[in-house]
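Visitor: Below you will find the structure I want to go over with you.
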Amino acid sequence: MFLIEIAPRRWSYAAAGAIGNSVYYLMPMRRRIAKQNFAHVLGKAPDDPEVRRVAREALQNYVRLLRDVMIYPSLSAKDLERRVTIHNPQHFESVVARGKGV
């Protein structure tokens, strides 16, 4: 987490993509599951080139998502507000009014 916080955003996203790529190639069970899932979604065989590409990119994006989650504790409230867009504030406000956390 420390390295993610101090590294330039561009670098940490590139590193996350590389880690996701490594997960695809070095973890056969994860690769197989991802390919099966995307084959079903795309209506193609698990070994179809498009299915392989989508599965690999999905794992890259998953690690990028983890990177984003890891920096949340270090962000200020103002930084978080800049990153979040609430399209229907009435829904958000009604949940906050319940007093059980959001």
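Visitor: Counting only protein heavy atoms, what percent of the accessible surface of the stretch 62-101 is carbon or sulfur at a 1.4 Å probe?
Guide: Of all accessible area on the stretch 62-101, carbon and sulfur atoms account for 58 percent.
Visitor: Could you give me D for the stretch 1-93, from Stokes-Einstein at 10 °C and 1.306 mPa s, where the hydrodynamic radius is the Kirkwood radius over C-alpha pairs? Units µm² s⁻¹, please.
Guide: Diffusion coefficient, whole number: 105 µm²/s.
Visitor: Assuming 0.692 mPa s and 37 °C, estimate D for the stretch 1-49 with Stokes-Einstein, Rh taken as the Kirkwood radius over Cα pairs, in µm²/s.
Guide: D = 262 µm²/s.
Visitor: I'd like the Karplus ³J(HN,Hα) series for the stretch 47-62: coefficients 6.51, -1.76, 1.60, θ = phi - 60°, whole numbers in Hz, and an x wherever there's a Gly or Pro.
Guide: 9, 5, x, 5, 5, 4, 5, 5, 4, 5, 5, 5, 5, 4, 5, 4
Visitor: Counting only C-alpha contacts under 8 Å and six or more residues apart, can you give the relative contact order of the chain as a whole percent?
Guide: Once normalised by length, the contact order is 30 percent.
Visitor: I want to check the label-to-label distance for R9 and D47. Put each point 7 Å from Cα in the C-beta direction and report it in nm to one decimal.
Guide: 4.2
Visitor: Where does the chain land at 222 nm, in deg cm²/dmol rounded to the nearest 500, when only DSSP H runs of n ≥ 4 count, each adding -39500 (n - 2.57), divided by all residues?
Guide: It comes out at -24000 deg cm²/dmol, rounded to the nearest 500.
Visitor: For I4, I33, give the ranking by accessible area with the largest first, probe 1.4 Å.
Guide: Listed by decreasing accessible area, they come as I33, I4.
Visitor: Compute, for the chain, the length of the dipole vector about the Cα centre, with Cβ point charges of +1 (Lys, Arg) and -1 (Asp, Glu) only. Units Debye, rounded to 20.
Guide: Roughly 180 debye, rounded to the nearest 20.
Visitor: Based on the Cα coordinates of the stretch 53-102, what is the per residue volume of their convex hull in Å³?
Guide: 128
Visitor: Could you tell me which trypsin sites (Lys or Arg not before Pro) in the stretch 1-65 are loop residues by DSSP with no more than 16 other beta carbons within 10 angstrom of their beta carbon?
Guide: K44
Visitor: Further question: Cα centroids of the stretch 55-102 and the stretch 1-32: how far apart, whole angstrom?
Guide: 20
Visitor: If I take every Cα pair under 8 Å that is 6 or more residues apart in the stretch 22-78, average their sequence separation and divide by the length, what percent do I get for the relative contact order?
Guide: Relative contact order here is 26 percent.
Visitor: Give the accessible surface of the chain per residue, rounded to a whole number of Å², with probe radius 1.4 Å and ligands, DNA and RNA excluded.
Guide: Accessible area per residue: 76 Å².
Visitor: Can you sort L26, L66 by 1.4 Å-probe accessible area, starting with the largest?
Guide: L26, L66
The values are calculated or read from the model by the stated rules, or taken from the named source; none is laboratory data. Keep in mind it's a predicted model, so treat the numbers as computed, not measured. All Cβ positions, even for glycine, are placed from backbone atoms using ideal geometry, and neighbour counts span all protein chains on display. Remember, those area values only see protein heavy atoms, side chains included, never the ligands or the DNA or RNA. Shrake-Rupley method; radii C 1.70, N 1.55, O 1.52, S 1.80 Å.
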